[in-house]
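Step one of this worksheet: look at the structure below.
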Amino acid sequence: MGAAVSEAGLGHLVVADMGRVRLRRKHTSDAFNDFRWRRDPEIARYDAAMPLSKTFTEFLDQFERDLLFADPKRRMFALEASGGPQIGNIMYYNADEARRSAELGICIALPEYRGQGLGTEAVVGFLGFIWNELPFREIYLHTLHWNERAIRCFDKAGFSPTARVLRQGRWFLRMEVRREWWLMWDQEGRFAPYRATEGELGAPARAATRLV
């Protein structure tokens, strides 16, 4: 039922389609998946966070408020497999208007969709969307220093390591990318492998891909 809603009714929310994965604005139908994933200890470990302790009713109340009253400093988007389910989320947060910067976070929540390069495709699509639609000049992130798969993903998407950061007894690698660098690399074709060709996409998807 959820996948059918996503395919048939949420197409207008898509902001980037990379062929195998697409990014779209959040919808109330995402609430249960997000709640379940936030309570998962394994996912929380990769986020260096504690599993959610709220009830679903409490979570849904906050989820719906966030949709109605968007916070300009943070925005979350759903990740969907092409023709399939929601597989995770991607977001920016800690947006700083003066510095024109924000922090990026991503989660591929469904294990069967990990290790296939979908994270790289999602990050490339998200950065393309950000540079075209939002005023940010720099995007940065922090990933746990031992998470080599995530580090490779971010490197392929254009991020470079800049510092090691100690937070609450955990070491993180800070990585950054600037708009001008990324757009130059994009013109040189660095990110072409992570986009579908026009022959692999339908007309609506091609339109979305042109944004990135």
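No value in this document is a laboratory result; all are computed from the given coordinates. Computed from a prediction, not measured in an experiment: that's the story for all the values here. We place every Cβ from the backbone using ideal geometry, glycine too, and count neighbours over all the protein chains shown.
Quick check: anything in the stretch 125-140 charged (D, E, K, R) and touching a Leu at 6+ places or on another chain (Cβ under 8 Å)? Let's see the steps before the verdict.
First pass over the stretch 125-140, keeping only residues charged (D, E, K, R): 133, 137-138.
This time we only want the ones that are touching a Leu at 6+ places or on another chain (Cβ under 8 Å), so: 133.
Scanning the stretch 125-140 turns up at least one residue that is charged (D, E, K, R) and touching a Leu at 6+ places or on another chain (Cβ under 8 Å).
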Within 22 Å of residue 159 (Cβ to Cβ) and out of contact with any Cys (no Cβ under 7 Å at 6 or more places or on another chain): does that describe residue 95? yes
Cβ pairs under 9 Å, 6+ apart or interchain, first in the stretch 111-133 and in contact (Cβ under 8 Å) with a residue 40 or more places away in the chain and on the phi > 0 side of the Ramachandran plot, second assigned to a helix (DSSP H, G or I) and of a type in the set (A, V, I, L, M, F, W, C), ordered by first then second residue, are 117/153
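In the stretch 106-164, how many are outside any loop (DSSP other than H, G, I, E, B), touching a strand residue (DSSP E or B) at 6+ places or on another chain (Cβ under 7 Å), of a type outside the set (A, V, I, L, M) and more than 20 Å from residue 192 (Cα to Cα)?
Restricting attention to the stretch 106-164, the residues satisfying the condition of being outside any loop (DSSP other than H, G, I, E, B) are 106-108, 111-113, 118-133, 138-144, 148-156, 160-164.
Adding the requirement that they be touching a strand residue (DSSP E or B) at 6+ places or on another chain (Cβ under 7 Å) leaves 106-108, 113, 118-119, 121-123, 125-130, 138-144, 150-151, 154, 160-164.
Cutting the leftovers down to of a type outside the set (A, V, I, L, M) gives us 107, 113, 119, 121, 125-126, 128-129, 138, 140, 142-143, 154, 160-162, 164.
In the following step, the residues that additionally are more than 20 Å from residue 192 (Cα to Cα) were identified as 107, 113, 138, 140, 142-143, 161-162, 164.
Of the residues in that region, 9 qualify.
Across the stretch 53-105, what is the number of residues that are in a loop (DSSP other than H, G, I, E, B) and either among the charged types (D, E, K, R) or on the phi < 0 side of the Ramachandran plot (or both)? Please lay out each step first, then the result.
First pass over the stretch 53-105, keeping only residues in a loop (DSSP other than H, G, I, E, B): 53-55, 69-74, 82-85, 97-100.
Checking which are either among the charged types (D, E, K, R) or on the phi < 0 side of the Ramachandran plot (or both) leaves us with 53-55, 69-74, 82, 84-85, 97-100.
Of the residues in that region, 16 qualify.
Every residue, every condition in (1) in contact with a Lys or Arg (Cβ under 7 Å, 6 or more places away or on another chain); (2) surrounded by 17 or more Cβ atoms within 10 Å (Cβ to Cβ); (3) aromatic (Phe, Trp, Tyr); (4) under 28 Å from residue 12 (Cα atoms), yes or no:
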residue	(1), (2), (3), (4)
83	no, no, no, yes
94	yes, no, no, yes
112	no, no, no, yes
146	no, no, yes, no
150	no, yes, no, no
165	yes, no, no, no
177	no, yes, no, no
186	no, yes, no, yes
Is it the case that the stretch 67-78 has a residue that's of a type in the set (A, V, I, L, M, F, W, C) and farther than 25 Å from residue 14 by Cα? no
